[in-house]
Structure formats: C-alpha cells, structure tokens
Amino acid sequence: MIILIGASGTLGNQIAKEIVKRKKNVLLTSNQRFTNISNSFSDNKYILNVKKCDIQIEKDLIDLFQYIANEKLEIDAIINNFAYSFDSKIENHGPKSIEVKKIFDVNYHGIAMVLENLLSYLKKHASHHVKVVNILSNSIKTLNASNYHYISSKSAIKTLSEFYAKNFSDLISINNVCPGLMKSNLTNQRFEKDEIKIKKL
C-alpha cells in the first residue's frame, strides 16, 4: 500500500491518478478540500480509504498510523506531497510572522513528524523496507520561488531527509523529487504574466 499525504492539490490529484492507473493500492490523505478528493475517488477499488489529516496536528498523524496498524495494512511507500506558501516580496512578512511560522510548521515540521511517526510504527510492525518520497521544489537549486522562506523550508527538508536516509537505512529509503513550477490556482497569475511577456517578444 502507498500512502499519499496531500492528495487534494493539482499535483496530489495527478499522483493519485497515476498510482491507481498502475493498479496499486493507495491510502489518500487531505486537509483542505477533503470532501472533493473523497468524492473524486470514492468508487475506485484501489483507493483503500481517504483520511482527513492536518499535517500541523500530530494527533492526526498518530491516528493515521493507528488506523493502519488496526487495519493491518502493509506500508510499501509514503509520498509526502503537502506544502504551504504565500506570494511574498522580500520586504514583507518578517521571519517571525505567523505566515512564515506556518511555512515551517507545515513544510518542515510536517515532514519531521511523518518520519518520526513512520519510524515508530516500523519498529513495532515492520515486515519490509519502506520507500519515502518527498516532493520538494526545484527552487532550492534555482532560488526563483517568490517566497524565500518557502525555499529555505524545502532546503531544510532535504538535509533532514539525508540524515534519516543515512541513519535509518535498515528501515527506509528516501528520495527527494524537485519539480519545477506547475500551473495551478496558486500560480495561474504568474503563468499569465509570463505568457503576456513572451507574446510581446
């Protein structure tokens, strides 16, 4: 079984579709737009369940792994596809702002809690090696995202992942995937601006 944490966004929805296309069982989680994602996949036999999970609330993650243990589901892989950001100019939203705190609460601490809970689960229930895939961002190389705190949070995850991969390789393997900018509700305006610029050339 594959666990997809963060299934409701543009990328999450596509990842879920690709998993079921390959006839793999998947457990989806979502915080925002939970009802939409639940309705979209309600009749697919490869969707084992759709669970509401707010990555900022550790109890939600504890409950998720408890559900997996109770149902005796075998974890093959976890895909961490959740993230938070906001369009920010460098002079706005200082490092101690609520918005910046949320970026690290979701992006960094969220991954940290997933890994901690996964290891705790595996030490009790592991029957085989588990693959972890973290969806990061190409901006950690290009530095071209609009929010530098977002870039920093994704860079921190890369380092955290490398630590876990080195120290817990007997239980998990971790891959970080760094996609570029994708068209979504959050980035539509940026795509439209770039399109206008290109047409003027």
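The values are calculated or read from the model by the stated rules, or taken from the named source; none is laboratory data. Treat the numbers as computed from the prediction; the structure is a model and nothing was measured. Here Cβ is always computed from backbone atoms with ideal geometry, including for glycine, and neighbour counts include all displayed protein chains. The area values use the complete protein model at the heavy-atom level, side chains included, leaving out ligands, DNA and RNA. Shrake-Rupley method; radii C 1.70, N 1.55, O 1.52, S 1.80 Å.
Ranked by solvent-accessible area (1.4 Å probe, protein heavy atoms only, all chains present), the residues 22, 33 order from largest to smallest as 22, 33. Once both labels are positioned 7 Å from their Cα atoms along Cα-to-Cβ, the gap between residue 60 and residue 44 label points is 2.0 nm.
Going by accessible surface with a 1.4 Å probe and the largest first, 53, 178 read 178, 53.
Computed over the chain with a Gaussian network model linking Cα atoms closer than 10 Å, the most mobile of 155, 137, 120 is 120. Distance between the C-alpha centres of the range 17-95 and the range 96-166: 15 Å, rounded to the whole angstrom. Computed over protein heavy atoms with a 1.4 Å probe, the accessible surface of the range 32-92 works out to 62 Å² per residue. Only Cα sites of the range 117-158 enter the Debye sum here, all with the same form factor; the resulting log10 I(q)/I(0) across q = 0.22 1/Å is -0.70, listed in q order. In the chain, the DSSP-assigned H stretches of four residues or longer account for a calculated mean residue ellipticity at 222 nm of -14000 deg cm²/dmol, using -39500 (n - 2.57) per stretch and the full residue count as denominator. When nucleic acids and ligands are ignored and a 1.4 Å probe is applied, residue 86 ends up with an accessible area of around 30 Å². For the set 106, 177, the ranking by accessible area, highest first and with no ligand, DNA or RNA atoms included, is 177, 106 under a 1.4 Å probe. Return the FRET efficiency for the residue pair residue 86, residue 170: r is the Cβ-Cβ distance, R0 is 30 Å, and the value is rounded to the nearest 0.05. After rounding to 0.05, the efficiency reads 0.20. Rg over Rh for the chain works out to 0.98, using Cα positions for both radii and the Kirkwood form for Rh.
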